[in-house]
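Novice: Structure in structure tokens, see below.
The values are calculated or read from the model by the stated rules, or taken from the named source; none is laboratory data. Quantities reported herein were computed from a predicted structural model and do not represent experimental measurements. So basically every Cβ, Gly included, is an ideal-geometry build from the backbone, and we count neighbours across all protein chains shown. SASA here: full protein model, heavy atoms, side chains in, ligands and nucleic acids out. Shrake-Rupley method; radii C 1.70, N 1.55, O 1.52, S 1.80 Å.
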Amino acid sequence: MSITVESIACWLVDIPTIRPHKLSMATMGCQTLTIVRMTCAQGVGWGEATTIGGLSYGPESPEAIKSAIETYLSPLLCGQTFSGVAALAAKMNASVKGNTFAKSALETAFLDAQGKALGVPVSALLGGAVCERLPVLWTLASGDTDKDIDEGKRLLAEGRHNTFKLKIGARDLTTDIRHALAIKAALGDDVSIRVDVNQAWDLTTAMKGMSLLQEGGIDLVEQPVAQWDRQGLITLSQRFAVPVLADEAVATSHDGYALANGGFTGAYALKIAKAGGPAQALKLAHVAQAAGVALYGGTMLEGTLGTVASLHAWSTLNLQWGTEMFGPLLLKDDIVVRPLDFSAGQVTLPQGPGLGIEIDTDKLRHYARP
Ligand code: MUC
Ligand code: MG
């Protein structure tokens, strides 16, 4: 069913986190969600674009995402009719370079509107779900080893998560390795521990770090070197038995092709925002499948809206490394009527038409910037 876009509204929504979340390049005490409402002749769709730490993670800030949507993308789409996301993406890409976060929010809103109009979930528009529950890890990133161990033990006891990711790279190598291995030792052999360096190491440091992490039983090392150092990432993936997860280095299907073609042997972190939307992220996934590269469902720490958009896409895949779609659990509140069901190390994919979630407009108004 074709969808005619009539108008697009956009809000910046600031929601505090439950505790400071420390990454190598930023400490988050609040998350800013850029929320989009797309009004179409056939109904309304919602989308979200969220980044981490203003401009410290990627080249699009929340404010720039809102401006790109309002100034450039919205005038391009309003009044136009699209048969589906392929036509929508072609229209946006013909006139707007990059700006994948802004495009992701719009592609999500379009899919939500089209799914609701057709009475089918977004996953059905993306190929169809092959699972209803997806694995979800939790990131321990308070910045303090003992606090992280307590948090990990509590979540294990509650049965909410059985896999953890640690954020390292902000401190010197010795301190970071001591931190990671202390958590691994405290949480035990049955618990999978992965680390995300967020580009903080040069290749020499990464060689040493990978070797110590491998020896210490860490299961996966995410983006140890800079985004631009494609060759470094390939070398590390070939040299160590502990797998490398490419995150910042792999945004689109073209990046995925180039890395695999260069001999990369690890896994790719898919993120709808990096690729330009749920359907665009699946293009990267399919390149990875063709190249024999494993997959992981990644987050930009979105709220429920962006998280569910990602889950619809991930539900069509076999994700060898599971997902990290815990964003809503890091936020003190959200803008949806019903929260997601996180339990037993998994999250349930909502089943209704479109994204399958309902926006709480009172909360949206409450948290939105004036
Ligand atoms: C990243 O780089 O992976 C995902 C989980 C988390 O704690 O931070 C993000 C960003
Ligand atoms: Mg990462």
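Novice: Give the number of residues within region 339-366 that are part of a helix (DSSP H, G or I) and more than 22 Å from the chain's Cα centre (by Cα). Please lay out each step first, then the result.
Specialist: Keep residues of region 339-366 that are part of a helix (DSSP H, G or I), which gives 361-366.
Now drop any that are not more than 22 Å from the chain's Cα centre (by Cα), which leaves 361-363, 365-366.
Final tally of qualifying residues: 5.
Novice: Consider Ala206 carefully, then state whether it is part of a loop (DSSP other than H, G, I, E, B) and either closer than 19 Å to Leu270 by Cβ or within 16 Å of ligand 2 (Cβ to nearest atom) (or both). Don't jump to the end; show me each part of the working.
Specialist: Numbers: part of a loop (DSSP other than H, G, I, E, B): no; either closer than 19 Å to Leu270 by Cβ or within 16 Å of ligand 2 (Cβ to nearest atom) (or both): yes.
No, not satisfied.
Novice: Look through region 88-119, keep the residues that are under 20 Å from the mean Cα position of the chain (by Cα) and open to solvent by 20 Å² or more (accessible area, probe 1.4 Å), and return whichever of them is farthest from Ile359 (Cα to Cα).
Specialist: Residues of region 88-119 under 20 Å from the mean Cα position of the chain (by Cα): 89, 98-112.
If we keep only those that are open to solvent by 20 Å² or more (accessible area, probe 1.4 Å) too, we end up with 98-100.
On the way: Gly98: 28, Asn99: 25, Thr100: 23 Å.
Across region 88-119, the extreme among qualifying residues is Gly98.
Novice: Looking only at region 207-225, filter to residues that are open to solvent by less than 20 Å² (accessible area, probe 1.4 Å) and either within 16 Å of ligand 1 (Cβ to nearest atom) or polar (S, T, N, Q) (or both); which one of those is farthest from the chain's Cα centre (by Cα)?
Specialist: Here is the first cut: in region 207-225, the residues open to solvent by less than 20 Å² (accessible area, probe 1.4 Å) are 209-210, 213, 218, 220-225.
From the residues that got through so far, the ones that are either within 16 Å of ligand 1 (Cβ to nearest atom) or polar (S, T, N, Q) (or both) too are 218, 220-225.
Details: Ile218: 22, Leu220: 17, Val221: 17, Glu222: 13, Gln223: 14, Pro224: 18, Val225: 19 Å.
The qualifying residue farthest from the chain's Cα centre (by Cα) is Ile218.
For every residue, the table says whether it meets (1) closer than 30 Å to Val122 by Cβ; (2) within 13 Å of ligand 2 (Cβ to nearest atom).
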residue	(1), (2)
Ala186	no, no
Ala200	no, yes
Glu215	no, no
Leu245	yes, yes
Asn261	no, no
Gln280	yes, no
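Novice: Just one of Val130, Val122, Val85 is open to solvent by less than 10 Å² (accessible area, probe 1.4 Å) and under 22 Å from the mean Cα position of the chain (by Cα); which is it? Lay out the reasoning, then the answer.
Specialist: Numbers: Val130 fails: open to solvent by less than 10 Å² (accessible area, probe 1.4 Å); Val85 fails: open to solvent by less than 10 Å² (accessible area, probe 1.4 Å).
Val122 is the lone residue from the list that is open to solvent by less than 10 Å² (accessible area, probe 1.4 Å) and under 22 Å from the mean Cα position of the chain (by Cα).
Novice: Here are the criteria: (1) within 30 Å of Ser192 (Cα to Cα); (2) free of Cβ contacts under 8 Å to residues at least 40 places away in the same chain. Tell me which single one Gly128 does not satisfy.
Specialist: Unmet condition: (2).
Novice: Where in region 230-276 are there helices (runs of 4 or more DSSP H), lying fully within it, with 1 or more residues that are in the same structural domain as Lys165 (by TED's automatic domain parsing) and more than 15 Å from ligand 1 (Cβ to nearest atom)?
Specialist: 230-239, 253-261
Novice: Next up: Residues of region 284-296 being within 19 Å of Leu111 (Cα to Cα) and out of contact with any His (no Cβ under 9 Å at 6 or more places or on another chain), which ones? Show your work before the answer.
Specialist: Our first condition is that a residue be within 19 Å of Leu111 (Cα to Cα); within region 284-296, this holds for 284-285.
Scanning region 284-296 gives a single hit, Ala285.
Novice: Turning to a different aspect of this structure: So is Ala285 in contact (Cβ under 8 Å) with a residue 24 or more places away in the chain, among the small types (Gly, Ala, Ser), away from ligand 1 (no atom under 16 Å from the Cβ) and open to solvent by less than 10 Å² (accessible area, probe 1.4 Å) or not? Steps first, please.
Specialist: Working: in contact (Cβ under 8 Å) with a residue 24 or more places away in the chain: yes; among the small types (Gly, Ala, Ser): yes; away from ligand 1 (no atom under 16 Å from the Cβ): yes; open to solvent by less than 10 Å² (accessible area, probe 1.4 Å): yes.
Criteria met by Ala285.
Novice: If you check every pair at least six apart or on different chains, which have Cβ atoms under 7 Å apart with a residue in region 137-156 that is open to solvent by less than 20 Å² (accessible area, probe 1.4 Å) first and a residue that is aliphatic (A, V, I, L, M) and in a helix (DSSP H, G or I) second?
Specialist: Hits for this filter: Trp138/Leu155; Leu140/Ile183; Asp148/Ile183; Gly152/Ile183; Gly152/Leu187.
Novice: Please verify whether region 289-304 includes one or more residues that are charged (D, E, K, R), under 13 Å from the mean Cα position of the chain (by Cα) and part of a helix (DSSP H, G or I). Explain how you work it out, then say what you get.
Specialist: Going through region 289-304, the residues charged (D, E, K, R) turn out to be 302.
This time we only want the ones that are under 13 Å from the mean Cα position of the chain (by Cα), so: 302.
Now drop any that are not part of a helix (DSSP H, G or I), which leaves none.
There is no residue in region 289-304 that is charged (D, E, K, R), under 13 Å from the mean Cα position of the chain (by Cα) and part of a helix (DSSP H, G or I).
Novice: If you take the residues of region 323-338 that are open to solvent by 10 Å² or more (accessible area, probe 1.4 Å) and within 16 Å of Leu134 (Cα to Cα), which of them is farthest from the chain's Cα centre (by Cα)?
Specialist: Leu329
Novice: Considering every residue within region 300-321, establish whether at least one is buried (at least 24 other Cβ atoms within 10 Å of the Cβ), within 15 Å of ligand 2 (Cβ to nearest atom) and more than 22 Å from Leu12 (Cβ to Cβ).
Specialist: Yes, region 300-321 has at least one match.
Novice: Give the residue that is least open to solvent (accessible area, probe 1.4 Å), with candidates limited to residues of region 181-206 that are over 22 Å from Tyr296 (Cα atoms) and touching a Ser or Thr at 6+ places or on another chain (Cβ under 8 Å).
Specialist: Once the filter is applied, the top-ranked residue is Ile183.
Novice: Shifting gears a bit: Can you go through Met1, Met92, Met38, Met25 and tell me which one is closer than 30 Å to Asp176 by Cβ and of a type in the set (A, V, I, L, M, F, W, C)? Spell out how you get there, then give the answer.
Specialist: Numbers: Met1 fails: closer than 30 Å to Asp176 by Cβ; Met92 fails: closer than 30 Å to Asp176 by Cβ; Met38 fails: closer than 30 Å to Asp176 by Cβ.
Within the list Met1, Met92, Met38, Met25, the selection yields Met25.
Novice: Would you check if there is a residue in region 7-23 being surrounded by 18 or more Cβ atoms within 10 Å (Cβ to Cβ) and without any contact (Cβ under 8 Å) to a residue 60 or more places away in the chain?
Specialist: Scanning region 7-23 turns up no residue that is surrounded by 18 or more Cβ atoms within 10 Å (Cβ to Cβ) and without any contact (Cβ under 8 Å) to a residue 60 or more places away in the chain.
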